[in-house]
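Some notes on the structure that comes next.
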Amino acid sequence: MMRSLWTAASGMIGQQFNIDTISNNLSNVNTTGFKQTRAEFEDLLYQTIRTAGTPATELTVVPTGVQVGHGVKAAATQKIFTQGSLQATGNVYDVAIHGEGFFSVRLIDGSLGYTRDGSFKIDSTGQMLNSNGYRLMPEIIMPEGFIRETLTVTQDGRVTVKVPGNDDPIQVGQIEIYRFINPAGLNSIGENLFKVTNASGDPIAGRPAYDGMGSLIHQFLEMSNVYVVKEMVNMIVAQRAYELNSKAIQTTDNMLGIATSLKRS
């Protein structure tokens with residue numbers, strides 16, 4: 001069977017994977033703190049028919065070899081951690097990171113998750129949580145009877161509020177953020193969360209706006225860094241590549257049909 005059938009089929013499979021990745025980006029265009037994913041590909045093994053450098057005569061060698069490729073496969077999906085646009089919300093519990101860093105939350109199993117989504121809330125005890133009820137770490141608990149409208153988060157992460165009977169704001173906590181040597185190595189687990197892997201390295205804790213950490217912007221949220229126009233162009237390119245691979249299969253099929261129709265007269 002002609003190898004071009006399987007080579008072109010691998011191209012169609014690869015472009016389907018590419019479309020899957022693009023579709024996920026587009027579906028999360030309004031997801032807070034979402035980071036674009038890029039599909040990366042690599043060529044498959046080659047069949048070497050003649051090796052470059054093979055002796056041709058006593059004084060010369062073959063300058064180029066003869067190799068036939070066997071298609072393509074997905075090599076990686078990489079998160080692109082560029083800054084998303086900041087959107088003013090007016091909500092006193094919203095906080096955006098401008099620059100490098102992640103918030104940390106305590107998951108149900110006791111482990112830590114990391115997120116760029118700063119749409120926080122508080123529960124009945126005043127505990128600061130994310131949308132799924134995971135506690136912000138280090139914990140921040142509002143005092144009883146605090147005046148909601150006076151809650152302030154400074155660029156370096158200090159959280160202050162006013163309480164009845166006291167004209168001066170009191171500090172109720174300090175938000176820490178975390179960065180990684182290789183954030184692209186983090187494992188996406190859904191719910192806008194990432195977990196540490198051996199590839200990402202251990203989290204490096206720090207105070208916002210210091211030592212290379214991003215600063216905090218109160219009453220703002222970081223939006224997705226997906227550019228719709230760019231993703232639409234990528235989708236068009238992937239669709240055309242898929243069509244070209246399907247044409248290669250059709251052409252190979254036609255060639256096989258010609259070969260099988262040969263007969264002795």
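The values are calculated or read from the model by the stated rules, or taken from the named source; none is laboratory data. Keep in mind the model is a prediction, meaning the values are calculated, not measured. Positions of Cβ are backbone-derived with ideal geometry, glycine not excepted, and every protein chain shown enters the neighbour counts. Please note that ligands, DNA and RNA were not included when accessible areas were found on the heavy atoms of the full protein model with its side chains. Shrake-Rupley method; radii C 1.70, N 1.55, O 1.52, S 1.80 Å.
Tabulated data for the structure shown
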quantity	calculated
Cα convex hull volume per residue for the chain (Å³)	186
Largest-first ordering by accessible area, 1.4 Å probe, given options T21, T51	T51, T21
Mean residue ellipticity (222 nm) of the chain, computed from DSSP H runs ≥ 4 via -39,500 (n - 2.57), nearest 500	-8000 deg cm²/dmol
Accessible surface, 1.4 Å probe, highest first, among residues D123, D94, D167	D167, D123, D94
Rounded to the nearest 10 Å², the accessible area of E243 at probe 1.4 Å	70
Rounded to whole Hz, the Karplus (6.51, -1.76, 1.60) HN-Hα couplings of the stretch 201-217, x for glycine and proline	x, 6, x, 10, 7, x, 8, x, 6, 10, 6, x, 7, x, 9, 9, 10
FRET efficiency for E149 and A205, using Cβ-Cβ distance with R0 set to 35 Å, rounded to 0.05	0.70
Centre separation in Å (Cα based) which lies between the stretch 131-145 and the stretch 218-245	35
Label-zone membership for the stretch 211-231, site S131, 7 angstrom Cα→C-beta point, backbone N under 17 Å	219-226
Residue-count net charge about V95 - beta-carbon cut-off 13 Å; Lys, Arg +1, Asp, Glu -1	-2
Computed magnitude of the charge dipole of the stretch 37-186 (debye, nearest 20; Cβ of K, R +1, Cβ of D, E -1)	320
At R0 = 41 Å, FRET efficiency that the Cβ-Cβ distance of S27 and N182 yields, to 0.05	0.95
Using θ = phi - 60° and Karplus 6.51 cos²θ - 1.76 cosθ + 1.60, couplings along the stretch 122-131 (whole Hz; Gly, Pro as x)	10, 9, 5, 9, x, 6, 7, 9, 8, 5
Built amide H within the under 5 Å cut-off of T150, gap 5+	K162
Most fluctuating residue given options V226, V72, V62, as computed from a GNM of the chain linking Cα atoms under 10 Å	V62
Chymotrypsin sites (Phe, Trp or Tyr not before Pro) within the stretch 176-265: DSSP coil, no more than 12 neighbouring Cβ in 10 Å	Y210
Accessible area (Å², 1.4 Å probe, nearest 10) - V233	80
Linear extension gain, Q87 paired with E191, 0.36 nm per residue minus alpha-carbon span	35.4 nm
Accessible area, probe 1.4 Å, largest first, for residues H98, H70	H98, H70
